[in-house]
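Asker: Let me begin by handing over the structure; questions about it come next.
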Amino acid sequence: DPSFMSTVQVPVDWDPAATAPHYEAWLLCSCPLQMDDLEEVAGTMLDPTRTPHKAAFLFGPSRSGKSTFLRLLQAIAGMDNRTAVTLHDLTRDRFAAANVYGKILNAAADLSSAHVDDLSVFKMMTGEDPVHGNRKYGAQFTFTNQALFAFSANELPTVSESSRAYAERIKPFQF
């Protein structure tokens, strides 16, 4: 709608009267105790004027619906509005943060359970802090993240973070 200016367009038609009984039944079976919280966190990606302060961490056994939920988020966001940078990539790859620029969703499935040493970039990206973007063979730039981070794993990775800053930026969802 021209009255709502945005640089982001999602490939989904808005129908306020729409229902999704199959989806609701599936999610109720997959994540029964946290269904409402999961949808609330997921919905933050649809407001590109804000930085989502919570990252969704979906965990549980294989074939429990974690990746299916991430694929639903990716379909809603659309190809042009998503990326798949892992938490480990943000630590090890100095070019990784630039891939999140301009996106509304960063969803990575099957996150490694390997230990994560440095969470500084992740905390900046979920804390409305300016982030240094560096494109390989390209110009460097500064941006404020607007993407929802959503990860899935069988087991959550351990982190070397003694403050509450990391714990306050993640929302674990058991599938």
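The values are calculated or read from the model by the stated rules, or taken from the named source; none is laboratory data. Quantities reported herein were computed from a predicted structural model and do not represent experimental measurements. When we count neighbours, we look across all protein chains shown, and the Cβ atoms used for this are built from the backbone with ideal geometry, even at glycine. The area values use the complete protein model at the heavy-atom level, side chains included, leaving out ligands, DNA and RNA. Shrake-Rupley method; radii C 1.70, N 1.55, O 1.52, S 1.80 Å.
Asker: (1) open to solvent by 10 Å² or more (accessible area, probe 1.4 Å); (2) over 13 Å from THR51 (Cα atoms); (3) assigned to a loop (DSSP other than H, G, I, E, B): which one isn't true of GLU128, the others all being true?
Answerer: Looking at each condition in turn, GLU128 falls short on (2).
Asker: Residues in region 106-128: is at least one closer than 22 Å to LEU46 by Cβ and out of contact with any helix residue (DSSP H, G or I) (no Cβ under 8 Å at 6 or more places or on another chain)?
Answerer: Initial filter on region 106-128 (closer than 22 Å to LEU46 by Cβ): 106-109, 122, 125-128.
With the extra rule that they be out of contact with any helix residue (DSSP H, G or I) (no Cβ under 8 Å at 6 or more places or on another chain), the set shrinks to 128.
Looking through region 106-128, at least one residue is closer than 22 Å to LEU46 by Cβ and out of contact with any helix residue (DSSP H, G or I) (no Cβ under 8 Å at 6 or more places or on another chain).
Asker: Exactly one of (1) at positive phi; (2) out of contact with any helix residue (DSSP H, G or I) (no Cβ under 8 Å at 6 or more places or on another chain); (3) open to solvent by less than 50 Å² (accessible area, probe 1.4 Å) is unmet by GLN74. Its number?
Answerer: (1)
Asker: Based on what the data block shows, is SER113 among the small types (Gly, Ala, Ser), buried (at least 17 other Cβ atoms within 10 Å of the Cβ) and not in a helix (DSSP H, G or I)?
Answerer: no
Conditions (1) at pLDDT 95 or above; (2) out of contact with any Leu (no Cβ under 6 Å at 6 or more places or on another chain), marked per residue:
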| site | (1), (2) |
| --- | --- |
| LEU70 | yes, yes |
| VAL85 | yes, yes |
| TYR101 | yes, yes |
| ALA107 | yes, no |
| SER113 | no, yes |
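Asker: Right, here's the next one. Quick one: would you say ASP47 is closer than 21 Å to ASN106 by Cβ and modelled with pLDDT under 95?
Answerer: yes
Asker: Output the residues belonging to region 139-158 that are more than 15 Å from the chain's Cα centre (by Cα) and open to solvent by less than 40 Å² (accessible area, probe 1.4 Å).
Answerer: Hits for region 139-158 are PHE143, PRO157.
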